[in-house]
């Protein structure tokens, strides 16, 4: 993936909506469904993190969530659907938050810094899910895999667009693809080394990674000028 996780809470067992007089609207039932769905996804993320997708069974998920097998199948027809929803939730959440943030800023450098901050804030808050995405990103097949690839491409292309804006503003010449994939390489494996007591919070890390990345691509202009003078 450009590798680039899942949350929600609450409980309540799956139930059939009755046609009683106490049914003022469908909204409460939907809310209960969403909360239960979120609970299952949260537990599924933990199980996939501990056992791996291939090593986890629906029975493991049932035990972890406290929901019967029949209850799980009420929400999901397969383990693959669970993994798909975990990944979908992660990418859609990151993209929605990013759009909101970028809509308020026009400066190319600040927009790249916001991209880094948005990515790291989500990943550090959802490290189990991040690990699942990093290790299970090629598992999904057919329609599920295709749907996630669409979201990944959108995320990647958003980052390329931000880097291209920065290049134009600074009159820089380098491969946006290589720069963007290098940036993802810095950000996506953070769960393997992050220590909050040593490394600080998401804002601190985003600031440092942003500095390293932006200084690196900005230095390419000076490097090329030096080579031209030498030749």
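Can you tell me which of (1) exposed (fewer than 13 other Cβ atoms within 10 Å of the Cβ); (2) more than 20 Å from the chain's Cα centre (by Cα); (3) at pLDDT below 90 is the one residue 32 doesn't meet?
Answer for residue 32: the failing condition is (1).
Hey, residue 146 hits all of (1) touching a helix residue (DSSP H, G or I) at 6+ places or on another chain (Cβ under 9 Å); (2) in a helix (DSSP H, G or I) but one; which does it fall short on?
If we test residue 146 against (1) touching a helix residue (DSSP H, G or I) at 6+ places or on another chain (Cβ under 9 Å); (2) in a helix (DSSP H, G or I), just (1) comes out false.
Scan the helices (runs of 4 or more DSSP H) fully inside the stretch 168-231 and keep the ones with 3 or more residues being modelled with pLDDT of 95 or more and over 22 Å from residue 153 (Cβ atoms). Break it down stepwise before answering.
On the way: elements: 176-188, 196-199, 202-230.
Per the criteria, 202-230.
The values are calculated or read from the model by the stated rules, or taken from the named source; none is laboratory data. Just so you know, these numbers come straight off a predicted model, no measurement behind them. Cβ atoms come from the backbone with ideal geometry, glycine included; neighbour counts cover every protein chain shown.
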